Amino acid sequence: MKLIPSFILFGVSLLSSETALARQTCTEVFYSGNTSKLSVGGKTYTISNSRSVRGWSYKGGTIASYVIFNGQVSQVIVEKFTPERGFERKLHTVKISNSDSILGWDWDEKTNRASYMFYDGQKTVVRVQDFFGDRFGGVRSTTTVSNSRLDKYSSSWTLYNGVAEYTLRQQTLKREEFSNGTFGSVLETISYNSGDSIAGRSCY
């Protein structure tokens with residue numbers, strides 16, 4: 001999927017609480033066969049030669065990050081990246097989980113704040129935590145998203161300007177206010193056909 005303003009993709013109403021959504025740009029990573037790929041700007045980049053990506057984050061600069069399960073642990077990979085040049089080199093690899101539990105990932109390198117959705121053994125939660133690219137810092141909050149486990153092959157999480165966007169079962173995308181670890185008003189819940197299983201979604 002190309003870099004495309006979300007108001008064109010989803011027809012967001014320009015209500016006062018949603019104006020920022022109309023100005024945002026989103027990128028997505030999909031599972032294509034047995035690979036995980038990013039399609040952007042008319043180019044397609046392979047992130048992994050397996051269906052192992054569990055989250056994707058790119059905020060428009062020169063850094064991208066994503067979560068990958070290597071068969072033993074889940075790791076955050078931080079890479080130098082631009083849509084024009086693609087992935088240039090890995091900068092850091094940081095373990096985030098001892099299992100295949102991550103369901104979505106977001107990181108803003110300007111604020112060193114990460115948020116990620118995962119299954120804690122009983123329910124799906126989102127955790128806000130400091131992340132400095134090469135290491136994690138203190139946990140800010142942990143909030144329940146669902147009382148059950150979401151599908152790892154169709155889940156994503158992204159956070160921008162106080163609005164969370166996450167995909168649920170049956171290809172549903174939900175936009176909801178999210179601040180200081182607390183969900184607020186639901187702005188939109190729509191049917192979302194990605195055309196393939198989603199590995200990660202990121203907006204900025």
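The values are calculated or read from the model by the stated rules, or taken from the named source; none is laboratory data. Because the structure is a prediction, the values reported are computed rather than measured. All Cβ positions, even for glycine, are placed from backbone atoms using ideal geometry, and neighbour counts span all protein chains on display. Calculation scope for accessible area: heavy atoms of the full protein, side chains included, ligands and nucleic acids excluded. Shrake-Rupley method; radii C 1.70, N 1.55, O 1.52, S 1.80 Å.
With a 1.4 Å probe and all protein chains left in place, how much accessible area per residue does the chain have, in Å²?
Values: 9220 Å² over 204 residues.
Heavy-atom accessible area per residue stands at 45 Å².
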Legend entry - Label point distance in nm, LYS123-VAL94, each placed 7 Å from Cα along Cα→Cβ: 2.7
Legend entry - Whole-Hz ³J(HN,Hα) from phi, Karplus 6.51 cos²θ - 1.76 cosθ + 1.60, for region 86-95, glycine and proline x: x, 7, 9, 6, 6, 9, 8, 10, 10, 5
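Would you mind telling me the share, in percent, of accessible area of region 67-203 contributed by carbon and sulfur at probe 1.4 angstrom?
Result for region 67-203: 40 percent of the exposed heavy-atom area is carbon or sulfur.
Give, rounded to the nearest 20 debye, the magnitude of the charge dipole that region 111-158 has about its Cα centre when Lys and Arg contribute +1 at Cβ and Asp and Glu contribute -1 at Cβ. Mind showing how you got there, number by number?
Numbers: 7 positive and 4 negative charges, 14 e Å.
Here region 111-158 has a charge dipole of around 60 debye.
Once fully extended, how much extra length lies between SER141 and SER185, figured as 0.36 nm per residue of separation less the alpha-carbon to alpha-carbon distance?
Working: separation 44, 0.36 × 44 = 15.84 nm, distance 1.85 nm.
In short, 14.0 nm is gained.
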Legend entry - Residues whose placed amide H lies under 5 Å from that of ILE96, excluding near-sequence neighbours: SER74, GLN75, VAL76
Inset, instruction - Roll a 1.4 Å probe over the protein heavy atoms and report the accessible area of GLU84 in Å², nearest 10. - result: 120
Inset, instruction - May I ask you to rank PHE132, PHE81, PHE183, PHE118 by accessible area, largest first, using a 1.4 Å probe over the protein chains only? - result: PHE132, PHE183, PHE118, PHE81
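For Cα pairs less than 8 Å apart in space and 6+ apart in sequence, what is the mean separation divided by the residue count of region 59-100, i.e. the relative contact order in percent? Numbers along the way, then the final one.
Working: 82 pairs, mean separation 16.2, N = 42.
Dividing the mean separation by the residue count of region 59-100 yields 39 percent.
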Legend entry - Reachable lysines from LYS59, criterion Cα separation under 24 angstrom, eight or more residues apart if same chain: LYS2, LYS37, LYS43, LYS80, LYS90, LYS95, LYS110, LYS152, LYS174
